[in-house]
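Below: one structure, written as structure tokens.
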């Protein structure tokens, strides 16, 4: 497991520490963005990540959603990735 992000406590351990909490509007947008990204719809994913970014009140989530939005924006400019050969 990557040491980049701190370990998130188990759900059974009680309420999340303050550093992991965010607005109730952030999580639905982040989940939508994740689904768009998984389907390869990077324009929609970019827009959803930006909405998540604007609704977040947590600095870690703002950084994460901004980073994902930038990634999706770059991929959307490349066009479809299907059929490309990696050498």
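The values are calculated or read from the model by the stated rules, or taken from the named source; none is laboratory data. Predicted, not measured: the structure shown is a model, and the values here were computed from it. Neighbour counts run over all protein chains shown; Cβ positions are idealised from the backbone, glycine included.
Residue by residue, here is whether (1) part of a helix (DSSP H, G or I); (2) modelled with pLDDT of 95 or more; (3) in contact with a strand residue (DSSP E or B) (Cβ under 7 Å, 6 or more places away or on another chain); (4) within 12 Å of residue 68 (Cβ to Cβ) holds:
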| site | (1), (2), (3), (4) |
| --- | --- |
| 5 | no, no, no, no |
| 16 | no, no, no, no |
| 22 | no, no, no, no |
| 27 | yes, no, no, no |
| 36 | yes, yes, no, yes |
| 47 | yes, yes, no, yes |
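Only residues that are in contact with a helix residue (DSSP H, G or I) (Cβ under 7 Å, 6 or more places away or on another chain) and not in a helix (DSSP H, G or I) were counted in the range 49-80, giving 1.
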